1. Which members of the range 35-50 meet the condition of being open to solvent by 80 Å² or more (accessible area, probe 1.4 Å) and touching a residue at least 24 places away in the same chain (Cβ under 8 Å)?
2. Is it the case that MET61 is in contact (Cβ under 8 Å) with a residue 24 or more places away in the chain and touching a Ser or Thr at 6+ places or on another chain (Cβ under 6 Å)?
3. Please verify whether PHE162 is more than 15 Å from the chain's Cα centre (by Cα) and over 15 Å from ASP26 (Cα atoms), treating the condition exactly as stated.
4. Does TYR168 fit the bill of being in contact with a helix residue (DSSP H, G or I) (Cβ under 7 Å, 6 or more places away or on another chain) and either among the aromatic types (Phe, Trp, Tyr) or farther than 21 Å from PHE80 by Cβ (or both)?
5. Have a look at PHE15, PHE107 and point out the one that is over 19 Å from VAL137 (Cα atoms) and either touching a residue at least 12 places away in the same chain (Cβ under 8 Å) or open to solvent by 50 Å² or more (accessible area, probe 1.4 Å) (or both).
6. Exactly one condition in (1) open to solvent by less than 30 Å² (accessible area, probe 1.4 Å); (2) closer than 24 Å to ASN22 by Cα; (3) in contact with a His (Cβ under 9 Å, 6 or more places away or on another chain) is not met by GLU116; state its number.
7. Which of the residues belonging to the range 51-85 are open to solvent by 30 Å² or more (accessible area, probe 1.4 Å) and either touching a Cys at 6+ places or on another chain (Cβ under 8 Å) or part of a loop (DSSP other than H, G, I, E, B) (or both)?
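The values are calculated or read from the model by the stated rules, or taken from the named source; none is laboratory data. As the structure is a computational prediction, the values presented were derived from the model and not from experiment. Every residue, glycine as well, gets a Cβ built from its backbone with ideal geometry; the counts of neighbours run over all protein chains shown. These area figures cover heavy atoms from the full protein model, side chains too; ligands, DNA and RNA do not enter into them. Shrake-Rupley method; radii C 1.70, N 1.55, O 1.52, S 1.80 Å.
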Amino acid sequence: MAERTGNEALLGQPFVITRAFNAPRDLVWKAWTEAKHLQHWWGPKGSKIEVLKFDFRTGGMFHYAMRYSTGAVMWGRFTFVDIAPPERLVFLNGFADETGEVARAPFPGAIPLQMENTVTFSEQAGKTTITLHSLPVNATDEERLFFEGMFASMTGGYGGTFDQLDGYLEIMLAA
């Protein structure tokens, strides 16, 4: 699939999740924007992230493998759309193949090929609040409805990922 051109249609109801972390915004920003940190917390619980490519710039890509103890491997990718340190990060994400090309999810369901995620970072009294908004890009009606039907599952999935981020931020703060 082509990279974002600005003409894509963002469709449907957004998925939104907010979480506060007991860490300063600059540290939380680093955890989201440096490969050496992302590999320690990004992704579903039970997976180990292997960074295959990390090019942190507008138009750049984060391509990664999610490896599981069962031997299963899935690939994902971000394409960075807008980077406004340390306040906002916008990226397209979805599943990928081993070469980094956009791919369908490796399991059943009409999951959109890509979602646009806007993550905002705000700090108050040394704590950082992240709000993530996600919308399918150029999705069919079936994909949009499937996406909207996944909100409870996505809340649990991002909740687990954010739990991992919370634990990793504690490690970063102690270093």
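1. HIS40, LYS45
2. It is true that MET61 is in contact (Cβ under 8 Å) with a residue 24 or more places away in the chain and touching a Ser or Thr at 6+ places or on another chain (Cβ under 6 Å).
3. Working: more than 15 Å from the chain's Cα centre (by Cα): no; over 15 Å from ASP26 (Cα atoms): yes.
No, not satisfied.
4. Yes, satisfied.
5. PHE107
6. For GLU116, the exception is condition (2).
7. ASP55, PHE56, ARG57, THR58, GLY59, SER69, THR70, GLY71, ALA72, PRO85
Here is a yes/no grid of residues against (1) open to solvent by less than 50 Å² (accessible area, probe 1.4 Å); (2) free of Cβ contacts under 8 Å to residues at least 60 places away in the same chain; (3) in a strand (DSSP E or B):
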| site | (1), (2), (3) |
| --- | --- |
| LEU132 | yes, no, yes |
| LEU135 | yes, no, yes |
| GLU143 | yes, yes, no |
| ALA152 | no, yes, no |
| THR155 | no, no, no |
| TYR158 | yes, no, no |
